[in-house]
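Let me begin by presenting the structure, written as structure tokens, before commenting on it.
The values are calculated or read from the model by the stated rules, or taken from the named source; none is laboratory data. In this text the structure is predicted, and so the values were computed from the model without any measurement. Cβ sites come from the backbone with ideal geometry, for glycine too, and all protein chains shown count toward neighbours.
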Amino acid sequence: MSTKPDAPRPFLKWAGGKGQLLEQYRPLFPRRFGRYHEPFVGGGAVFFHLRPPQATLSDDNADLIDCLLAVRDDLPAVIDALGRHRYEKEYYYAVRAQDPAALPLAERAARMIFLNRTCFNGLYRVNSKGGFNVPFGRYSNPTICDAPNLHACARALKQAQIERGPFGSVLDRARRGDFVYFDPPYHPLSKTAYFTAYAKGGFREEDQRELARVFAELDRRGVLVMLSNSDTPLVRELYKGLRIVRVQATRSINSKGARRGAITELVVLNYR
């Protein structure tokens, strides 16, 4: 991973973000590929690490896509809006209660970044109506606006097409020799471990099975595919026969500190 001061880093904290795993992922990335596709872009750690010359970033989370578009296309306005936010509890809840659809794009993006940087544990979670519902976080001095990094991210995003859509839409774009990286909401390790509320409706077992079908179709077409997921019997069953690599991750988002810590995850690859 680049250590240059202007190398972009994810400007949003995201559950399951891959920043901590990049060194383990480095030897797993294909050496050559055409266009890069990331259908669950999240914080974009892999994209910002690879910085491919051609990329399509997508997600079904409308707030996230709007935020990426604003940073790419109207960063000065985003930075200006961020400068008006302040780290105060009552103010936080007032901003959280806003209807993002009523705000201009740049202010909508600044609202998301502000809430993300000041909410509890950097968690993104929505309720059944799709509203952000994470409580106020306690920090000593949170960085609300990291302008140098936002500029670096904006430069990287200039190379990318950004759009909202379901993960299956990658089948409409990916061609032989392209590289697709899937980082879906993980299959839970237990029946009580579900945390899939990144978007209204969640991500259930039937979605995991559909994702495996999309993976298989991309494989059939000669697309290079890499997928991250939890180490569970279901995931191993869905990708049986493919190359599966175990990596060690640190779980950092959980309401109970005792449930954070080292955990084994899987990386599934259809290439060597």
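Is it true that L123 is modelled with pLDDT of 95 or more and either closer than 16 Å to G43 by Cβ or within 20 Å of the chain's Cα centre (by Cα) (or both)? Here the answer is no, as L123 does not meet what is asked. On inspection, T118 qualifies as closer than 22 Å to G16 by Cβ, touching a Pro at 6+ places or on another chain (Cβ under 7 Å) and not basic (K, R). Summed over segment 125-160, the residues that are part of a loop (DSSP other than H, G, I, E, B), under 14 Å from P10 (Cβ atoms) and in contact (Cβ under 8 Å) with a residue 40 or more places away in the chain give a count of 1. Against the condition farther than 30 Å from V247 by Cα, aromatic (F, W, Y), in contact with a His (Cβ under 9 Å, 6 or more places away or on another chain) and buried (at least 19 other Cβ atoms within 10 Å of the Cβ), how does F132 come out, does it pass? So F132 does not fit the description; no.
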